[in-house]
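In what follows, a structure is listed as structure tokens, so that the remarks can point back to it.
The values are calculated or read from the model by the stated rules, or taken from the named source; none is laboratory data. Please read all numbers here as calculations on a predicted model, not as lab measurements. Positions of Cβ are backbone-derived with ideal geometry, glycine not excepted, and every protein chain shown enters the neighbour counts.
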Amino acid sequence: MYTIDINSDLGEGTGNDEAIMPLVSSCSIACGGHYGDEGSMRKAVKLAKKHNTKIGAHPSFPDKDHFGRKILTLTKSELYQSIFEQLLHFFAICETEGSPIHHIKLHGALYHYAAKDAPTADAVVEAIVATKIRPKLYVPFNSVLGKKAENLLPLAYEAFIDRRYLDDLSLAPRQLQGAVIHDPEDAWLQLKQMVEKQEVTALSGKNYPITASTYCIHGDHEHSVVILNYIREQMKNHSIHLAQ
């Protein structure tokens, strides 16, 4: 028997939030960097409360023009200040809604860059610590961000249901053929492999060990709801349970 967390990035204006929220156990809500304002954050927090879904902050490079999917050239101080302000804004909304903060997960280009770049990871960790709140930090396994944060914050290692991996266990860039998984059966088989065997098959066809306790499907994936419904049905038959 396995118990896993399935998370999704929500509050991003995709129109899928109400369908996705009941199907996941945690959500990461955009807090103004790549998308979002007070209204969208509050709406997503209230929806998460309704479905008893654990709430996380989803900060990003301050880049609404590119939906946070472009690396910005910022000083460490500028990045620190941006992350700090995004988190404080989101935490204040959660406080007024009476909703505890379960985790923080970076978005897009910042997620991937902080996984390998030490100054970026330092800026992120320092900004989180400065808020005086210590939620879980969702990080890729064996990442620079995880190593920088491991003695300061509780960590949850994350893997992806709807994306293929490269041989170094980074996500295949979206422009590569096959990088995004669209077929529900393929998504389920990747999740099952990661949960039961603690390994993932890269785009190269080679298998690599991977450690995770939380598994993401992107809220802006066009087939996210179909994939999630299929996965939840399959989980029933394979003793894989969703964390409560």
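List of remarks:
- Listed by first and then second residue, the pairs with beta-carbon distance under 7 Å, at least 6 apart or on different chains, first residue in the range 48-69 and free of Cβ contacts under 8 Å to residues at least 40 places away in the same chain and within 17 Å of Phe90 (Cβ to Cβ), second in a loop (DSSP other than H, G, I, E, B) and of a type in the set (S, T, N, Q), are Thr53/Ser25.
- Evaluation of Tyr157 against (1) of a type outside the set (Gly, Ala, Ser); (2) closer than 15 Å to His103 by Cα; (3) in a loop (DSSP other than H, G, I, E, B) (one fails), failing number: (3)
- The condition (being free of Cβ contacts under 8 Å to residues at least 60 places away in the same chain and surrounded by fewer than 22 Cβ atoms within 10 Å (Cβ to Cβ)) is satisfied by just one residue among Pro140, Pro119: Pro119.
- All told, Tyr165 falls short of being surrounded by fewer than 20 Cβ atoms within 10 Å (Cβ to Cβ), hydroxyl-bearing (Ser, Thr, Tyr) and more than 30 Å from Pro100 (Cα to Cα).
- Listed here are the strands (runs of 3 or more DSSP E) enclosed by the range 1-96 that have at least 2 residues being out of contact with any Asp or Glu (no Cβ under 8 Å at 6 or more places or on another chain) and under 24 Å from Tyr113 (Cα atoms): 2-10, 54-58.
- Residue count for the range 150-162 under the criterion of being buried (at least 19 other Cβ atoms within 10 Å of the Cβ) and within 16 Å of the chain's Cα centre (by Cα): the result is 7.
- Residue check for Asn16: modelled with pLDDT under 95, surrounded by 19 or more Cβ atoms within 10 Å (Cβ to Cβ), out of contact with any Pro (no Cβ under 9 Å at 6 or more places or on another chain) and not small (Gly, Ala, Ser): yes
- Residue satisfying all of: in the range 90-116; among the aliphatic types (A, V, I, L, M) and either surrounded by fewer than 19 Cβ atoms within 10 Å (Cβ to Cβ) or touching a Cys at 6+ places or on another chain (Cβ under 9 Å) (or both); farthest from Lys54 (Cα to Cα) among these: Ala92
- For Lys50, the requirement of being surrounded by fewer than 19 Cβ atoms within 10 Å (Cβ to Cβ) and under 24 Å from His223 (Cα atoms) is met.
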